[in-house]
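Below: one structure, written as structure tokens.
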Amino acid sequence: AEAYLKLAMQDPLTGLHNRRYAQDRLVAEIARAQRQKTSLTVLMMDLDDLKLINDRWGHAAGDLALKTFGERLGKAIRGSDLAVRIDGDEFVVLLPECDPQKVQHVLDRLAGLEVQVEAQKISFRFSAGWTDYQPGETPEQLLERADHALYIQKQDRKNSQVPVA
């Protein structure tokens with residue numbers, strides 16, 4: 001039963017936890033933040049141009065990019081943090097009691113992403129947006145605000161067209 005439970009809570013491709021598990025943990029982390037009056041940061045990320053990688057190099061390359069990102073993300077966070085693949089190219093990280101510099105630290109540790117496909121090195125990037133839990137909001141509202149922060153960041157980047165590491 002243990003193995004089945006693990007499978008139900010895990011994303012098979014990246015080995016990170018999946019959305020189902022994340023929803024339970026988010027509820028628990030919000031309760032804890034409220035109880036202990038501590039902060040909870042939600043970091044929302046997605047891979048840029050995954051569709052392009054899939055179209056140009058095939059789905060195996062896209063999967064490899066997701067897997068590589070998942071592995072790097074798992075190593076970039078603390079033991080108390082939780083990294084989750086929500087779906088497709090979307091990832092969420094729950095960061096309890098995390099100051100803003102720490103978020104930047106996680107992002108910095110994810111710089112320089114690339115995968116090797118046959119003889120070809122393909123580098124890829126990600127976008128990120130984050131927000132802190134506001135007392136009284138629901139998990140859905142918190143995720144929605146993190147998602148909005150990600151959207152804003154993507155728009156800013158599209159408009160400025162300055163490459164971000």
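The values are calculated or read from the model by the stated rules, or taken from the named source; none is laboratory data. Because the structure is a prediction, the values reported are computed rather than measured. Neighbour counts run over all protein chains shown; Cβ positions are idealised from the backbone, glycine included. Just so you know, the surface numbers come from the protein's heavy atoms only, side chains and all, with ligands and any DNA or RNA stripped out. Shrake-Rupley method; radii C 1.70, N 1.55, O 1.52, S 1.80 Å.
Figures for the structure shown
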quantity	calculated
Filtered residues of region 122-132 (kept if of a type outside the set (A, V, I, L, M, F, W, C) and surrounded by 11 or more Cβ atoms within 10 Å (Cβ to Cβ))	125, 127, 129, 131, 132
Breaking point among (1) over 24 Å from residue 9 (Cα atoms); (2) at pLDDT below 95; (3) not polar (S, T, N, Q), for residue 150	(2)
Evaluation of residue 141 against (1) touching a residue at least 12 places away in the same chain (Cβ under 8 Å); (2) surrounded by fewer than 16 Cβ atoms within 10 Å (Cβ to Cβ); (3) assigned to a helix (DSSP H, G or I) (one fails), failing number	(1)
When residues of region 69-81 are limited to those that are within 21 Å of residue 122 (Cβ to Cβ) and among the hydrophobic types (A, V, I, L, M, F, W, C), the one surrounded by the most Cβ atoms within 10 Å (Cβ to Cβ)	69
Strands (runs of 3 or more DSSP E) enclosed by region 21-126 - at least 2 residues per element that are within 19 Å of residue 148 (Cα to Cα)	40-47, 82-87, 90-96
Residue in region 86-102 that is of a type in the set (Gly, Ala, Ser) and in contact with a Gly (Cβ under 8 Å, 6 or more places away or on another chain) present	no
Single residue of region 87-97 satisfying the filter (of a type outside the set (Val, Ile, Thr) and under 14 Å from the mean Cα position of the chain (by Cα)) that is most open to solvent (accessible area, probe 1.4 Å)	87
Residue among 42, 84, 106 that is in contact with a His (Cβ under 7 Å, 6 or more places away or on another chain), open to solvent by less than 20 Å² (accessible area, probe 1.4 Å) and in contact (Cβ under 8 Å) with a residue 12 or more places away in the chain	84
Answer from 100, 135 - the residue that is closer than 20 Å to residue 77 by Cα, surrounded by fewer than 16 Cβ atoms within 10 Å (Cβ to Cβ) and more than 13 Å from the chain's Cα centre (by Cα)	100
Evaluation of residue 119 against (1) among the aliphatic types (A, V, I, L, M); (2) within 27 Å of residue 22 (Cβ to Cβ); (3) open to solvent by 70 Å² or more (accessible area, probe 1.4 Å) (one fails), failing number	(2)
